[in-house]
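Heads up, the thing below is written out as structure tokens.
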Amino acid sequence: MIYRYSSRRQKLDKAFLDEKLRGALAYDRIAGYFSSSIFEIAGEALESVEGKIRVVCNSELSIEDVKTAKAAKEAQRREWCESEPEKKFVNAHERLNKLYNLLKSGKMEIKVIPNDVFGLIHGKAGVITLKDGRKTSFIGSVNETSNAWKLNYELLWEDDSKEAVDWVQEEFDFFFNSKYAVPLSDFIIEDIKRLSQRKVIYSIDEWRKDADIASTVIESPVYRRELGLWEHQKYFISLAFEDHKKLYGARYVLADMVGLGKTIQLAMAAQLMALYGDKPILIIVPKTLLWQWQDEISSLLDMPSAVWNGKEWIDENGLKYPSNGDISIKKCPRRIGIISQGLITANSPVSDYLLSMDYECVIVDEAHRARRKKYNQGNDEGRAPLYNQNNLMKFLMDISKKTKSMLLATATPVQLYPIEAWDLLEILSQKNDSVLGSSFSRWRTQTGKALNLLLGKEKFDEFDLSIIDWIRDPFPPENEEEINFGIIRKRAWMRDEDFVLSTDAINSLPVPDYRRLGRIANNNFIQFYNPFIRHIVRRTRDFLENTINPETNEPYLKKVEVKLFGESENEAIVLPPYLKKAYGYAEQFSLLLQKRIKGGGFLKTLLLKRVGSTIVAGKNTAEKMLNNWNMLKDQEDYEEDVEKIDEEKEGINNLSMEEEDCLRNFIECLNSNQSKDPKYELTLKLLIDEKWIDRGCIIFSQYYDSAYFVAENLSKDLKSEKIGLYAGGDKSGLFFGGIFEKKAKEELKSMVRHHELRILVGTDAASEGLNLQTLGSLINLDLPWNPTRLEQRKGRIQRIGQIYDEVYIYNMRYKDSVEDRVHELLSSRLENIRNLFGQIPDVLEDVWVKVALNEIEEAKHIIDAVPKQHPFELRYNQVKKINWESCANVLDSSEKKKCLMQGWK
């Protein structure tokens, strides 16, 4: 029989819902959007249902999102968090708690279905199995919200006939059992519980009493827009912040491999220290990373900061602050100031102003650039004398004395020599005995022996009591091993900030504790408790991918395999005759410059680099060399490369007749060509014939004109496909059908994340820090001569959150080119070097230059200097479960921002 209901005539919740659901044996429901209706679904009527409640609802998920269970969970999490439930349901604790109990107990099961599978599900319907076993069905405009049942004008038809019940049940089953329907993710269920207990902390002073880390981050964008932090990231943040709260502060080298998220760990630590103390935070990064740092900490942590551009401070909103010259660097308008390493290396006057201040924390990215000028290739070099320290190293040694905490970041703490790691610890140890001990410590005064002990080249005899001097200064903190170090510290009345166990204290120890000290000495102290292991935190991808987390019984990090293409000899692209002839002229031009100009290999080899990228890049470069050298800078993405052009162009500006003829012949060869660029043709073949486009693809080039050329031509050849161009400044945009439209980088990133953009062409500098976990393939149009940049490209897709188990990478190179010859020299060593160091050391950039200038023996000498095995294990193999996700206490975002927006005093 059919019953008709109108909210104009009766209260739907009372007249229908409450009555039908009370004691019901089952309830199947086709509802509305899960992120809006789910909150209201736990009304009193539902609680009275005796049996199972099943709900299927619409969502903004795409078909791509539900291809794998992992992708479905992550997409649901994004949609849930984008709806900002923490703002919408501030006073809904009781209702959320009821909903959580229904979901957690299994009494209610919710599935969500992508919007683009069946379109928007406007039809709302349900089947109720009444308490006496009879069934009834209903359809109408009512969604599962309180307003729909109580306030809105809604229509509802009930029909308890078997034909109607079967019809509605069939509709429900179709959606609920669809291969596209996915269960509500565990994250959402647990977040409902967290929200039901949510409490806001409205004062920084109140927060400082407990200084709970989770309360500052749990509702920040890294958790609400991204996928949160991984265990190894939380571990380092906790390690650094807990040390900072102590009198001696945090002193660490963060040496995680590329792609493991060093920036977010450092930024989170900086935010916590800024909230906990009142002094400035100074972040020193390579010039090319200035804006990436500001953008990343703003987008992931909603953290204000200011960048010094060499003249004035610029905040996160792009606002410039009035400057009175170099002294204005002391007036940063935010608690966190970011400056370029270039200021220090150029010996800028701002260095002295910075050294006149005291800091809460100093953070240095790419810290391996703080080096000695020359190395003796031995371990017995001792502390670097002032004259042998580069400007960055000198500055860091000085500023280390002016800060409570200091964090140095580098994926390669050892480039070639073990002493380089000691130098980083020496920087950290200024005015701080926790790192290498006091000025009399053996770890400071006997560097040769220290490194030989670490390398296993020297060992202590069983009865050699001199090992006690290596143990007692610095003496490990209590948390290193409470049963040994903790007990001895208590017996010797050592405070947390004491790191020297005096000989008098040792002699006064009771006999059992003196024996305990002996056990420490005999228990592989040098191997497991040395200062390097304690202060160099290094997690490798291999370790995280192959170490099981006992909490989840799964690896700490999902393994992402790399399938590499373009490495074999027959995969090198054969140069067509016209291009081979042009390449010959480019080589001849480089050698002519080499004969005429002393020093500086950058400009001498520039033409070879660019023609090795694309024909367009090579031709544009040659024309600018003939007409206006200054225009070359327009093509450079890296400001450090622009600086090299400025340094070297004076000697090259006036070309000889022979050099000019060489360039003209080069251009003529390229102009005579009528076929398409060989690298472009291979790119198109990979995308279409090999179906890389189906996985999504990022195409990298060093040069904007190469990237623009490839993106424009792809949009003409793939007429129905949008092609993104991701570049520096305001040059980013979207090609469609050969037409270019400017777009903001954030818009392009969002399109990639939501599967609206399958092909992105990017330049190196613009793409540092870019996260492309939804793309499964990468094409290197050219091979940067700086190996670190090649690793950074790979890190865009081989990173935390990658949706594919295996990513494809194609490295393009021309046969007999500089890149091909370097590949031949390095191929037998590259994998070994990468495994040992986590990436290729920057120093190997010189190999490319030497090969380009036919200095093969010198190139081999550089390669041979790289160690055949890792100097010592720097792996930090302690990754503990840290539960931040369930934190119900939240530091008020306005209060947090207010604190971080205070300037330096």
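The values are calculated or read from the model by the stated rules, or taken from the named source; none is laboratory data. Because the structure is predicted, anything quoted here is derived from the model rather than measured. Backbone-built Cβ (ideal geometry, glycine too); neighbour counts: all protein chains shown. Side chains included, ligands, DNA and RNA excluded: accessible areas come from the protein's heavy atoms. Shrake-Rupley method; radii C 1.70, N 1.55, O 1.52, S 1.80 Å.
Here are some notes:
- Unmet criterion (only one of (1) outside any loop (DSSP other than H, G, I, E, B); (2) surrounded by fewer than 18 Cβ atoms within 10 Å (Cβ to Cβ)) for Cys662: (2)
- The lone criterion from (1) closer than 30 Å to Tyr3 by Cβ; (2) surrounded by fewer than 19 Cβ atoms within 10 Å (Cβ to Cβ); (3) not basic (Lys, Arg) left unmet by Ala164 is number (2).
- Where a residue in the stretch 480-506 is in contact (Cβ under 8 Å) with a residue 40 or more places away in the chain and closer than 19 Å to Asn432 by Cα and its partner, wherever it lies, is assigned to a helix (DSSP H, G or I) and open to solvent by 20 Å² or more (accessible area, probe 1.4 Å), with Cβ under 6 Å and at least six apart: Phe499/Asp433
- Across the stretch 41-61, the number of residues qualifying as within 41 Å of the chain's Cα centre (by Cα), modelled with pLDDT under 80 and surrounded by fewer than 22 Cβ atoms within 10 Å (Cβ to Cβ) comes to 1.
- Strands (runs of 3 or more DSSP E) enclosed by the stretch 695-753 - at least 1 residues per element that are under 14 Å from Leu772 (Cα atoms) and open to solvent by less than 50 Å² (accessible area, probe 1.4 Å): 697-701, 723-726
- Scanning the stretch 262-277 for residues that are open to solvent by 10 Å² or more (accessible area, probe 1.4 Å), among the polar types (S, T, N, Q) and either touching a His at 6+ places or on another chain (Cβ under 8 Å) or within 24 Å of Lys209 (Cβ to Cβ) (or both) returns no hits.
- Selection status of Asp256, open to solvent by 10 Å² or more (accessible area, probe 1.4 Å) and either assigned to a helix (DSSP H, G or I) or over 17 Å from Asp212 (Cβ atoms) (or both): no
- Residues within the stretch 361-370 that are outside any helix (DSSP H, G or I) and crowded, with 22+ Cβ neighbours inside 10 Å, tallied: 6
- Note on the stretch 234-252: residues that are under 24 Å from Asn549 (Cα atoms) and open to solvent by less than 10 Å² (accessible area, probe 1.4 Å) amount to 5.
- Looking only at the stretch 596-616, and only at residues there that are of a type in the set (Lys, Arg) and either within 31 Å of the chain's Cα centre (by Cα) or part of a loop (DSSP other than H, G, I, E, B) (or both), the one that is modelled with the highest pLDDT: Arg610
- Top-ranked residue of the stretch 176-228 - restricted to ones that are part of a helix (DSSP H, G or I), of a type in the set (D, E, K, R) and open to solvent by 40 Å² or more (accessible area, probe 1.4 Å), ranked as farthest from Lys898 (Cα to Cα): Asp186
- Top-ranked residue in the stretch 278-298 [being surrounded by fewer than 24 Cβ atoms within 10 Å (Cβ to Cβ), assigned to a helix (DSSP H, G or I) and touching a helix residue (DSSP H, G or I) at 6+ places or on another chain (Cβ under 6 Å); ranked as modelled with the highest pLDDT]: Glu296
- Odd one out for Lys402 among (1) modelled with pLDDT of 90 or more; (2) under 25 Å from the mean Cα position of the chain (by Cα): (2)
- Only one of the numbered conditions (1) of a type in the set (Phe, Trp, Tyr); (2) open to solvent by 10 Å² or more (accessible area, probe 1.4 Å); (3) modelled with pLDDT under 95 is violated by Trp443, and that is (2).
- Filter result for Tyr353 (more than 29 Å from the chain's Cα centre (by Cα), in a loop (DSSP other than H, G, I, E, B) and either closer than 21 Å to Ala421 by Cα or at pLDDT 90 or above (or both)): no
- Residue under evaluation Arg495, criteria (1) touching a helix residue (DSSP H, G or I) at 6+ places or on another chain (Cβ under 8 Å); (2) within 21 Å of Lys246 (Cβ to Cβ), criterion not met: (1)
Residue-by-condition table, conditions (1) in contact (Cβ under 8 Å) with a residue 60 or more places away in the chain; (2) part of a loop (DSSP other than H, G, I, E, B); (3) out of contact with any helix residue (DSSP H, G or I) (no Cβ under 9 Å at 6 or more places or on another chain); (4) closer than 14 Å to Asn665 by Cβ:
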{"residue": "Leu557", "(1), (2), (3), (4)": "yes, yes, no, no"}
{"residue": "Lys563", "(1), (2), (3), (4)": "yes, no, yes, no"}
{"residue": "Leu575", "(1), (2), (3), (4)": "yes, yes, no, no"}
{"residue": "Lys581", "(1), (2), (3), (4)": "yes, no, no, yes"}
{"residue": "Tyr585", "(1), (2), (3), (4)": "yes, no, no, yes"}
